[in-house]
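A short worksheet on the structure shown next.
The values are calculated or read from the model by the stated rules, or taken from the named source; none is laboratory data. Model, not experiment: these values are computed from the prediction. Every residue, glycine as well, gets a Cβ built from its backbone with ideal geometry; the counts of neighbours run over all protein chains shown.
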Amino acid sequence: MTHEHPGDHLADRLDLLGLTGALAAAGLPTAERGADGHAVWTDPLTGRALSDTEIEQLDLLLRQEGSDPRHAVPVGLVQVARQARLRDELLASRWHDYASLAGVRGATVEATRFSVHKAAATHRLLLVTAGEQVLVPAFQLGTGGEVRADLVPVLEPLLTSAMDPWRVWAWLTHPAALLGGAVPEQVAADPEEADLVLHAAVRLAERSRHTT
């Protein structure tokens, strides 16, 4: 009879749920398969291998959500994994850095950087930071690289709220429940629907203020 390594069951469970990749992002210990195929769990702070007791404690921690601890899904990890997938999706869409936007505008990089940050400071342009890079999502720009006039009223309440810029980007470019499944940045271009989009943005911004 072979001895089951205590970390294998936890690693297999998280693999099955598709949550293994979210461990590091959540600041939790991570697992790697050794040459023998068994999972080795490592503390993110010290880099040392977890003991059997620590692995059991981690398992209990991740089972705290749900009505049945035996089958509970770690909701926090699900949210981290979902956010990571959404960020990857957003990064795969069109965006500019200072240089590419300067090319669209026919301006210098320095002038573009100044203009971008001035617009962001007055809540008229969404900027998103990815590592050390500043991104300008392209959906909010017209063909000449300037901010779409129809989006400015929608951007202002969102950018003055406590919403994370990534969440603002996602809400504006995905079907929104407050708009019956329509995409806000698309509907904002319709003069007959613009007020509805603005109302939804204001409601979302107010909700964000109350939950932070």
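The table below gives the values:
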quantity: Glu4 vs. criteria at pLDDT 80 or above and among the charged types (D, E, K, R); calculated: no
quantity: Where a residue in segment 198-212 is outside any helix (DSSP H, G or I) and its partner, wherever it lies, is modelled with pLDDT of 85 or more and buried (at least 16 other Cβ atoms within 10 Å of the Cβ), with Cβ under 9 Å and at least six apart; calculated: Thr212/Ser161; Thr212/Met163
quantity: Subset of segment 145-183 [touching a Pro at 6+ places or on another chain (Cβ under 6 Å) and either of a type in the set (Phe, Trp, Tyr) or within 12 Å of His123 (Cα to Cα) (or both)]; calculated: Trp169
quantity: Subset of segment 20-40 (residues that are without any contact (Cβ under 8 Å) to a residue 24 or more places away in the chain and surrounded by 15 or more Cβ atoms within 10 Å (Cβ to Cβ)); calculated: Thr20, Thr30
quantity: From Leu159, Leu151, Leu101, residue being under 20 Å from the mean Cα position of the chain (by Cα), crowded, with 16+ Cβ neighbours inside 10 Å and hydrophobic (A, V, I, L, M, F, W, C); calculated: Leu159
quantity: Filter result for Thr143 (assigned to a strand (DSSP E or B) and either at pLDDT 95 or above or within 22 Å of Leu90 (Cα to Cα) (or both)); calculated: no
quantity: Per-region count, segment 45-93, residues farther than 30 Å from Trp171 by Cβ, modelled with pLDDT of 75 or more, surrounded by fewer than 14 Cβ atoms within 10 Å (Cβ to Cβ) and among the charged types (D, E, K, R); calculated: 2
quantity: Subset of segment 171-197 [within 23 Å of the chain's Cα centre (by Cα) and over 20 Å from Leu90 (Cα atoms)]; calculated: Leu178, Leu179, Gly180, Val197
quantity: Residue in segment 127-140 that is in a loop (DSSP other than H, G, I, E, B), more than 16 Å from the chain's Cα centre (by Cα) and either of a type outside the set (Asp, Glu) or surrounded by 19 or more Cβ atoms within 10 Å (Cβ to Cβ) (or both) present; calculated: no
